[in-house]
1. What do you reckon, is VAL363 more than 22 Å from GLY68 (Cβ to Cβ), surrounded by fewer than 17 Cβ atoms within 10 Å (Cβ to Cβ) and not acidic (Asp, Glu)?
2. Tell me which residues, restricted to the range 100-123, are surrounded by 24 or more Cβ atoms within 10 Å (Cβ to Cβ), part of a helix (DSSP H, G or I) and either at positive phi or at pLDDT below 85 (or both).
3. Which of the residues that make up the range 291-330 are without any contact (Cβ under 8 Å) to a residue 12 or more places away in the chain and closer than 19 Å to ILE73 by Cα?
4. Tell me, please, whether a residue that is within 17 Å of TYR12 (Cβ to Cβ), in a helix (DSSP H, G or I) and at pLDDT 80 or above can be found in the range 350-360.
5. State which residue is farthest from SER124 (Cα to Cα) when the search covers only the range 158-179 and only residues that are open to solvent by 10 Å² or more (accessible area, probe 1.4 Å) and modelled with pLDDT of 85 or more.
6. I'd like to verify a number: residues in the range 339-360 that are closer than 27 Å to ASP28 by Cα and open to solvent by 30 Å² or more (accessible area, probe 1.4 Å), how many?
7. Considering only the range 299-320, state which residues are modelled with pLDDT under 85 and open to solvent by 70 Å² or more (accessible area, probe 1.4 Å).
8. For the range 366-393, which positions are crowded, with 23+ Cβ neighbours inside 10 Å, at pLDDT 75 or above and among the small types (Gly, Ala, Ser)?
Amino acid sequence: MGIELTAIHWVYLAFIVFILILLIRRRDTTMICVVGIFALGLLATETLSGSISGIFNSFIYATKELMGTIMIISIIVAMSRVLIRTGINETMVAPLTRFLRTPAMAFWGIGIIMMVTSFFFWPSPAVALIGAVLLPVALRVGLPALGAAVAMNLFGHGIALSGDYIIQGAPKLTADAAGLPVTSVMTASVPLVIIMGLVTTITAFWMMRRDMKNGTWRDGLVSTKNTSDALASGNDEDDSLVMDPRVKKWLAIIIPLLFAVDVAAMFILKLQGGDATALVGGTAVIILIAVTLLAHRNQGLEKITSYLIDGFVFGFKVFGPVIPIAAFFYLGDSAFIDLFGKVLPEASHGIVNDLGVALASNVPLNSAVGAVTSTVTGAITGLDGSGFSGISLAGSIAQLFGVATHSSVATLTALGQIAAIWVGGGTLIPWALIPAAAICGVSPFELARRNLKPVLFGLIVTTIVAMFLV
C-alpha cells in the first residue's frame with residue numbers, strides 16, 4: 001500500500017503542524033494558510049502567476065463548499081432576530097424552562113436532544129432546529145453560549161455522527177473498504193462510541209464548571225454583546241415590537257409545530273444532509289416573512305429585506321476568518337486537482353489520504369500499533385474538515401492491520417471511523433464546527449480550542465480500550 005510522497009506532501013504536512021501550533025497558542029492562522037496555499041501552488045504549477053491565482057481560486061472553492069452552511073446560518077439568524085424582537089421566541093421557549101433550570105441540566109439536556117435528533121437527520125439541520133429553540137433557554141438559566149455550542153458539537157457531530165446507527169452512511173463506507181458487513185462494524189463501534197462519548201462530554205463539562213468557578217472561562221462571543229442581543233440587534237432603531245398577546249401566543253405554538261412537521265417530513269421522505277437542511281431553511285424563510293408582515297404591517301416588505309441583510313452580515317462575519325483556513329485544508333482532498341491539475345503521483349488519492357497510507361506503511365505490525373495507527377490515520381484524514389472523505393481509507397488500513405496481526409478488523413475499522421469523524425466531522429476543525437458556533441454566536445476557533453483537550457483525551461482512552469478489544 002506504499003505510495004510516493006512528493007515535496008507537495010511534505011510542505012502540506014509542515015504547514016499543518018504550523019497551523020496546529022498557532023491554534024494551540026491562540027494566534028490567528030489566516031496568513032500562514034495563505035502562505036501555505038501559495039507554496040503549494042508554486043510547487044504544483046511552477047509559475048508565480050499560477051500560485052497567486054491559486055490563492056483566490058482556493059477562496060472561491062472554499063466559499064462554494066461552505067455556501068450551504070452560510071445560507072442556513074444566515075436565514076436562521078434573520079428569523080431569530082424578528083422572533084426575539086417581537087417576544088415570540090420568549091413565549092415559545094417558556095415551557096422548556098421547567099426542565100432546563102440549571103446550567104448543568106441545560107448542558108446535558110441540549111446535548112442529549114441534539115444527539116437523538118442527529119441520529120435521525122445528521123447534525124447540520126439538527127443544529128439549526130435545536131439552537132433556534134433551546135439556546136435562549138440555556139442562556140437564561142446561566143449556561144454560557146460557548147457551553148451550549150460545546151454540548152451540541154460533542155453530542156451531535158461527535159457521538160451521533162461517529163456512530164451513525166440510523167442513516168448508516170459512515171459505517172457503510174468503512175465496512176465496504178474493509179470488506180466487512182456493515183452490521184459487524186456497527187456492532188464493534190458500540191463500546192467505542194460509548195467510551196468516546198462519555199469521556200469527552202464528562203471532561204468538557206468538568207472543564208467548563210472548573211473554569212467558570214475559577215473565573216477563567218472565555219465565552220468567545222463574536223460580539224461584545226450577549227448572544228441573544230446580538231441575534232436581536234439589527235438596523236431598526238427600536239429594540240422590541242409590540243404584538244397582540246393572542247397572536248404572539250398562537251405563533252409561539254405554530255412555529256415549533258412547523259419545525260416538527262419538517263422533522264416528520266425528513267423521516268417520511270428520508271431527507272438527509274443538504275436536503276434536510278434546505279427544508280429547515282425554507283421553513284425559516286416562510287416564518288420570517290409571515291412574522292415580519294404581521295409585526296411591521298405597512299413596513300413589512302422593507303423589513304423582510306432588512307432582516308435578511310442582517311442575517312447575511314452575521315453569517316459572513318462568522319465565516320470570513322474561516323474561509324482562508326478552509327481553503328488550505330480543502331487542498332488536502334479533491335480541491336488540489338480541481339485548482340492545480342493532476343500533478344500528484346498517479347496512484348495518489350489526495351494529499352491527506354496519501355499521508356495516511358504512508359503512515360500505515362511505515363509502522364511495525366502488531367495489535368497495539370494497529371490500534372494507534374487506525375486512530376492516527378483516521379485523525380489525519382479528518383484534517384480536511386469533512387470527516388467522511390477519509391473513512392474509506394480508515395477501513396482499508398484496518399483490514400491491512402487486522403489480517404496481518406490476526407486482530408479484529410471490525411474493531412480497528414470502527415476505531416478509525418470514530419477518529420476521522422470526531423476530528424473532521426465537526427469538533428476540532430474550525431470550519432467544520434461553524435454551524436454550532438454561528439447559531440450560538442461564538443467564535444469557531446474558541447470552540448475548537450475548548451473541544452481540543454476533551455476530544456484528544458477521549459481518543460487516547462478509546463484507543464487504549466480498543467487495544468484490549470482487538
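The values are calculated or read from the model by the stated rules, or taken from the named source; none is laboratory data. Remember, predicted model here, so these are calculated numbers, not experimental data. Glycine also receives a Cβ, built like all others from the backbone with ideal geometry; neighbour counts cover every protein chain displayed. Surface accessibility is based on the protein's heavy atoms, side chains included, excluding ligands, DNA and RNA. Shrake-Rupley method; radii C 1.70, N 1.55, O 1.52, S 1.80 Å.
1. On the way: more than 22 Å from GLY68 (Cβ to Cβ): yes; surrounded by fewer than 17 Cβ atoms within 10 Å (Cβ to Cβ): yes; not acidic (Asp, Glu): yes.
Yes: the conditions hold for VAL363.
2. Residues satisfying the conditions are SER118, PHE121, PRO123.
3. Step one: filter the range 291-330 for residues without any contact (Cβ under 8 Å) to a residue 12 or more places away in the chain, giving 293, 297-302, 305, 313, 320.
Residues satisfying the conditions are THR305, VAL313, GLY320.
4. If we filter the range 350-360 for residues that are within 17 Å of TYR12 (Cβ to Cβ), which is where we start, we get 350-359.
Checking the rest, the ones that are also in a helix (DSSP H, G or I) come to 351-359.
From what is left, the residues that are at pLDDT 80 or above are 351, 354.
Yes, there is a match, as at least one residue in the range 350-360 is within 17 Å of TYR12 (Cβ to Cβ), in a helix (DSSP H, G or I) and at pLDDT 80 or above.
5. ILE159
6. 1
7. Listed by number, the residues that qualify are PHE316, LYS317.
8. GLY370, ALA371, SER374, GLY378, ALA379, GLY382
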